[in-house]
Amino acid sequence: MRAVVTVSGTDRKGVVAQVSAFLADNGINIEDVSQTVLGGQFAMVMVVDIPESGKTLALLSEEARRLGEEIGMSIGLRHADIFTAMHNV
């Protein structure tokens with residue numbers, strides 16, 4: 001299943017590594033990534049592929065949110081269709 005991971009917050013070292021490790025630990029493949037730092041604020045969007053045999057999207061989303069709290073970032077994980085619908089007006 002394709003999903004979108006969003007990460008934002010005050011820039012600091014190790015964010016990409018920590019988020020990537022979380023994804024790898026869950027067997028999630030990163031298909032595309034874009035990141036930027038603007039005025040000290042970090043933003044990253046990843047398109048990922050979640051294996052059907054793994055954890056549910058709801059559980060992964062909650063775990064990603066908690067990781068974000070731990071590292072001082074906002075992390076969202078949503079099904080790609082929902083992300084697309086939220087950003088089309």
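The values are calculated or read from the model by the stated rules, or taken from the named source; none is laboratory data. The model shown is predicted, which means the values in this text are computed figures rather than measured ones. Every residue, glycine as well, gets a Cβ built from its backbone with ideal geometry; the counts of neighbours run over all protein chains shown.
Structural remarks
- Count of residues meeting criterion [in a helix (DSSP H, G or I) and among the aliphatic types (A, V, I, L, M)] in region 4-42: 7
- Filtering GLY39, GLY54 for residues that are of a type outside the set (Asp, Glu), at pLDDT below 95, more than 20 Å from GLU70 (Cα to Cα) and more than 11 Å from the chain's Cα centre (by Cα) leaves a single hit, GLY54.
- Candidates are the residues of region 1-16 that are among the hydrophobic types (A, V, I, L, M, F, W, C) and under 12 Å from the mean Cα position of the chain (by Cα); the one that is surrounded by the fewest Cβ atoms within 10 Å (Cβ to Cβ) is VAL16.
- Test for GLY54: is it over 15 Å from VAL16 (Cβ atoms), among the small types (Gly, Ala, Ser) and not in a strand (DSSP E or B): yes
- Selection from region 14-36 of residues that are of a type in the set (A, V, I, L, M), more than 14 Å from GLU70 (Cβ to Cβ) and in contact with a helix residue (DSSP H, G or I) (Cβ under 7 Å, 6 or more places away or on another chain): ILE30
Table: residues versus (1) in contact with an Asp or Glu (Cβ under 6 Å, 6 or more places away or on another chain); (2) of a type outside the set (Val, Ile, Thr).
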residue	(1), (2)
VAL4	no, no
PHE22	no, yes
ILE28	no, no
ASP32	no, yes
GLN35	no, yes
VAL47	yes, no
ILE50	no, no
LYS55	no, yes
